[in-house]
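The values are calculated or read from the model by the stated rules, or taken from the named source; none is laboratory data. On a predicted model such as this, the values are computed, not experimentally measured, just so you know. Counting neighbours? That spans all protein chains shown, and the Cβs are built from the backbone with ideal geometry, glycine included. Surface areas here come from the heavy atoms of the whole protein model, side chains and all, with no ligands, DNA or RNA. Shrake-Rupley method; radii C 1.70, N 1.55, O 1.52, S 1.80 Å.
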Amino acid sequence: MVMGPSMRRALARRGQAYEQPLTLRLTPEGLDYDLGDVRMTARWACVTDFYRTRKYWVFLVQSSAMVLPRRFFASAEAERAFIAEALSRMTQTAQARSSDAAQLVGR
């Protein structure tokens, strides 16, 4: 989850943990994203962009973001394989907008 120190303190004051268990699954139909007690599902058709920040990969899904920490991957090869698989399932328009992901996998 993308957060700065002030967000961490705000969560702590509310009894919320900074670290949450995260699962992101690529399915033939779309993305399944579980973060703590929150579950989101998005069809591939509504994924508009997929980009990298310094520490995260971000799927833009209509007006929401599904954030995946880069530390999630055991190796650079595992990261590359996941990104290639995700890109292959996205629409051509979304692929065209996702230059960070395309560059990583050599497209």
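Taking the conditions exactly as written (surrounded by 12 or more Cβ atoms within 10 Å (Cβ to Cβ), farther than 30 Å from ARG9 by Cβ and in contact (Cβ under 8 Å) with a residue 24 or more places away in the chain), does ALA94 satisfy them or not? Spell out how you get there, then give the answer.
Values: surrounded by 12 or more Cβ atoms within 10 Å (Cβ to Cβ): yes; farther than 30 Å from ARG9 by Cβ: yes; in contact (Cβ under 8 Å) with a residue 24 or more places away in the chain: yes.
Against the criterion (surrounded by 12 or more Cβ atoms within 10 Å (Cβ to Cβ), farther than 30 Å from ARG9 by Cβ and in contact (Cβ under 8 Å) with a residue 24 or more places away in the chain), ALA94 qualifies.
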> So which of GLU19, GLU29 is over 12 Å from the mean Cα position of the chain (by Cα) and within 23 Å of PRO5 (Cα to Cα)?
Replying inline: GLU19
> Just one of the numbered conditions (1) part of a helix (DSSP H, G or I); (2) within 21 Å of THR23 (Cα to Cα); (3) in contact with a Lys or Arg (Cβ under 6 Å, 6 or more places away or on another chain); (4) of a type outside the set (Gly, Ala, Ser) is not true of PHE82; which one?
Replying inline: (3)
>> For region 24-42, check the following and say yes or no: at least one residue is free of Cβ contacts under 8 Å to residues at least 40 places away in the same chain, β-branched (Val, Ile, Thr) and under 20 Å from GLN92 (Cβ atoms).
In response: yes
>> For LEU35, only one of the following conditions fails: (1) exposed (fewer than 15 other Cβ atoms within 10 Å of the Cβ); (2) under 27 Å from PRO5 (Cα atoms). What is its number?
In response: (1)
>> Can you pull out every residue in region 70-90 that is touching a residue at least 60 places away in the same chain (Cβ under 8 Å) and either closer than 12 Å to LEU24 by Cα or open to solvent by less than 20 Å² (accessible area, probe 1.4 Å) (or both)?
In response: ALA86
> For region 47-64, what are the residues that are within 16 Å of LEU31 (Cβ to Cβ), free of Cβ contacts under 8 Å to residues at least 24 places away in the same chain and surrounded by fewer than 16 Cβ atoms within 10 Å (Cβ to Cβ)?
Replying inline: GLN62, SER63
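Among the residues of region 64-79, write down those that are within 18 Å of THR23 (Cα to Cα) and assigned to a helix (DSSP H, G or I).
Within region 64-79, the first condition is being within 18 Å of THR23 (Cα to Cα), and the residues that meet it are 64-75, 78-79.
Result: ARG70, ARG71, PHE72, ALA78, GLU79.
Would you mind finding the one in GLN20, GLN16 that is more than 25 Å from THR91 (Cβ to Cβ) and surrounded by 13 or more Cβ atoms within 10 Å (Cβ to Cβ)? Before you say what the answer is, go through the steps one by one.
Details: GLN16 fails: surrounded by 13 or more Cβ atoms within 10 Å (Cβ to Cβ).
So the residue among GLN20, GLN16 that is more than 25 Å from THR91 (Cβ to Cβ) and surrounded by 13 or more Cβ atoms within 10 Å (Cβ to Cβ) is GLN20.
Can you name the residue in region 97-107 that is among the charged types (D, E, K, R) and either on the phi > 0 side of the Ramachandran plot or assigned to a helix (DSSP H, G or I) (or both) and is also surrounded by the most Cβ atoms within 10 Å (Cβ to Cβ) among such residues?
Taking region 97-107 and keeping what is among the charged types (D, E, K, R), we get 97, 100, 107.
Retained after the next criterion (residues that are either on the phi > 0 side of the Ramachandran plot or assigned to a helix (DSSP H, G or I) (or both)): 97, 100.
Working: ARG97: 18, ASP100: 15.
For region 97-107, the residue satisfying everything is ARG97.
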